[in-house]
Structure formats: C-alpha cells, structure tokens
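J.: Pasting a structure here, questions to come.
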Amino acid sequence: MDNITIKAPAKINLYLDVIVKRADGYHELRMIMQSISLFDDINISKADVDIEVKCKAGYVPQGEKNIAYRAAKLMIEHFGLKEGVRISINKRIPVAAGLAGGSTDAAAVMKGINDLFGIKADNQLLAQLGKQIGADVPFCIMGGTAIAEGIGEVLTTLKPFSGVDIVLIKPDFGVSTAYVFKKYSEHYISIRPDINRLIKAMQERNLSDVGSYLFNSLEKVTAEEYSVVKDIKTILNQNGAIGSLMSGSGPSVFGIFDNKSKAQQAFKVLKQKFRNTYLVKTY
Ligand code: ATP
C-alpha cells in the first residue's frame, strides 16, 4: 500500500467548564467532546521527499506550519521511518471555529501513517504521542464521545452518543482561543449545571434533558464580543432545537434536534442567513 485516504471528523463540546488557570498559563478544563459527521479528507502517500503538506483552504498554512506536518514529523522520527510522505488536505471543517479542525487533521495523519507503514501502534500509544502536538489531538485519535480533563488530554470514554441530528453554524469570522481564555477571567461563572446529569441524560438518550444541561463557560465571553452567537442560538431555538450551545471557544454554534425533519427545516432557515451552515449527526 502506497497511498491512504482518511476521514478526519470535527468535534463539538456538549459541555466545557474552566476549572482553574495553572501556573504555566494553561487552563484546566472539564469537557464533553463529541465527534460529528463533518470531515476533512486527508490523503497520504509514501514519497521520496521529506514531508510535503498541501492544503488549498484559506487561513490554513502550507508546509511546515501546518499541524499535519508536525504530526507527520513526529511519526517519522518516533518510529524511525525511512521514507517521507506527501499529504494533501481537502478542508471542509471551518478554521479557528472551535471544531478542532487542526487537531483532527493531526490525528488523521498519525493514524494514516500508522496504517500506511504497517506500524501497528494502538490508539492509546498514538494518543499518548499526539499530546505533544496539541491537547485535543488525543481525543481526535480516539473519537466518539468522551470526557476530556486536564488541558483536554486526559480522556474517559463515554457510551457513544451517536446519530443525533445537529445543525451547526460557523459565522463568517474566526476566534482566537488564546484571546477568549484571556478574557475569561473577567467573566467568572459561579454556577454551572452538573456534568453528571448531562452524562446521565446522554446515556439514557433523554434529549430534552441533554438540551437543558448543555453548558459552555466560554460562551458568554465570545457572545459578548460577537452578538451573532446569541442571534444564532435564538434562531435555532425558534426553529425547534431542544438545546443550543457555542462549541469550544467559538464562534461555531450548534443546535440539537430530536427529529430529522425539524433539523432539516432549521437547516434551511439558517442556511439562508449563514453560508457556513451544516446538517450533521453526532458520530
Ligand atoms: P480547537 O477547537 O481545537 O480550539 P479550532 O477549531 O478553534 O481548534 P483550528 O481550526 O484547529 O482551530 O485552527 C487553529 C489555527 O491552526 C488556525 O489559525 C490555523 O491557521 C492553524 N492550522 C495549522 N494547521 C491547520 C490545519 N491542518 N487545519 C486547520 N488549521 C490549521
């Protein structure tokens, strides 16, 4: 096998709480991460070049600055590979959107190289290695539904919460995660829903309770700067969503639906207002 194509899914956060700011400047978080059916396609082929990364999308660096390059370099060095790789990324996941678009590309590159070169490392080992590239990379390697703690790298797998209809909107601007965290200290939130109630609702597939317990500490920070976040939530809720939330540090917002036709209807309404609107499912 000289060539492999891997699907790299985006994630949303059904819960995101900031626990504490550590001395090293990173924030400890408690999150529920959920893969969704919005994918980048990553093609990797063995090559006599060192590492080459091509991605035509805007705002995404080519070559060494691309996170996919760092993932490939890590795999080649760690496993002592003798050949290089050509990587081509067909980007569909919006960039700087709170959807882990870069981390999932890195995870897909690691998994792809693992298969292409017959390395046979398991996901645990890849996740352990992937931490060096970014805190969300381990989750992107495992995929599905999980609690993520620490800075995002300590994972506890949850019962899959797949097949739920989601309408996802990415407003026409990106948000810097670092900026949102910087602002967060001014928006401390003292009361938050219990994560265990949300987990129980997810496990029982009680979607109306899931809708009520969705939570993101950072939503207020981003929404204060960009009121469109609130507007999208209002439109989602007016169009049948049983809950809506900003993902990660934003600005993407999603609504969850308890039936497909309501989701399709809301998708149509939002698509007219926001060109980056997606009808997806939890995955
Ligand atoms: P998270 O949800 O993990 O905070 P995000 O979805 O907000 O991430 P990304 O889309 O991962 O943000 O992009 C963050 C930055 O990483 C961008 O500024 C982008 O230029 C850079 N980047 C490097 N490589 C990639 C890649 N393969 N895909 C997307 N962004 C990349």
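The values are calculated or read from the model by the stated rules, or taken from the named source; none is laboratory data. Because the structure is predicted, anything quoted here is derived from the model rather than measured. Cβ atoms come from the backbone with ideal geometry, glycine included; neighbour counts cover every protein chain shown. What goes into the accessible areas is simple: the full protein's heavy atoms, side chains included, and nothing from ligands, DNA or RNA. Shrake-Rupley method; radii C 1.70, N 1.55, O 1.52, S 1.80 Å.
J.: For the condition within 30 Å of residue 24 (Cα to Cα) and within 16 Å of the ligand (Cβ to nearest atom), what is the one hit in 247, 185, 190?
T.: Being within 30 Å of residue 24 (Cα to Cα) and within 16 Å of the ligand (Cβ to nearest atom) holds for just one of 247, 185, 190, which is 247.
J.: Only one of (1) of a type outside the set (A, V, I, L, M, F, W, C); (2) open to solvent by less than 20 Å² (accessible area, probe 1.4 Å); (3) part of a loop (DSSP other than H, G, I, E, B) fails for residue 244. Which number is that?
T.: Against the list (1) of a type outside the set (A, V, I, L, M, F, W, C); (2) open to solvent by less than 20 Å² (accessible area, probe 1.4 Å); (3) part of a loop (DSSP other than H, G, I, E, B), residue 244 comes up short only on (3).
J.: Kindly indicate whether any position in the stretch 258-267 is surrounded by fewer than 21 Cβ atoms within 10 Å (Cβ to Cβ), of a type in the set (S, T, N, Q) and not in a helix (DSSP H, G or I).
T.: Yes: one or more hits.
J.: Of these, 144, 174, 84, 98, which one is farther than 17 Å from residue 66 by Cβ and surrounded by fewer than 24 Cβ atoms within 10 Å (Cβ to Cβ)?
T.: Exactly one residue qualifies, and that residue is 144.
J.: Does at least one position in the stretch 199-214 carry a residue that is farther than 20 Å from residue 147 by Cα and modelled with pLDDT of 95 or more?
T.: yes
J.: Mind checking which helices (runs of 4 or more DSSP H) fall wholly inside the stretch 42-151 and carry at least 2 residues that are near the ligand (Cβ under 8 Å from one of its atoms) and either farther than 27 Å from residue 23 by Cα or in contact with a helix residue (DSSP H, G or I) (Cβ under 7 Å, 6 or more places away or on another chain) (or both)?
T.: Here the list reads 67-78, 101-116.
J.: Collect the residues in the stretch 193-205 that are surrounded by fewer than 16 Cβ atoms within 10 Å (Cβ to Cβ) and either closer than 25 Å to residue 235 by Cβ or of a type outside the set (D, E, K, R) (or both), keeping them in residue-number order.
T.: 193, 196, 203 - these are the residues of the stretch 193-205 that are surrounded by fewer than 16 Cβ atoms within 10 Å (Cβ to Cβ) and either closer than 25 Å to residue 235 by Cβ or of a type outside the set (D, E, K, R) (or both).
J.: Of the residues that sit in the stretch 152-169 and are at pLDDT 95 or above and open to solvent by less than 10 Å² (accessible area, probe 1.4 Å), which one is nearest to the ligand (Cβ to nearest atom)?
T.: Out of the qualifying residues, it is 168.
J.: Among the residues of the stretch 12-26 satisfying the criterion of being part of a strand (DSSP E or B) and open to solvent by 30 Å² or more (accessible area, probe 1.4 Å), which is nearest to residue 214 (Cα to Cα)?
T.: Across the stretch 12-26, the extreme among qualifying residues is 19.
J.: Further question: In the stretch 23-41, which residues are without any contact (Cβ under 8 Å) to a residue 60 or more places away in the chain, more than 14 Å from the ligand (Cβ to nearest atom) and not aliphatic (A, V, I, L, M)?
T.: 24, 25
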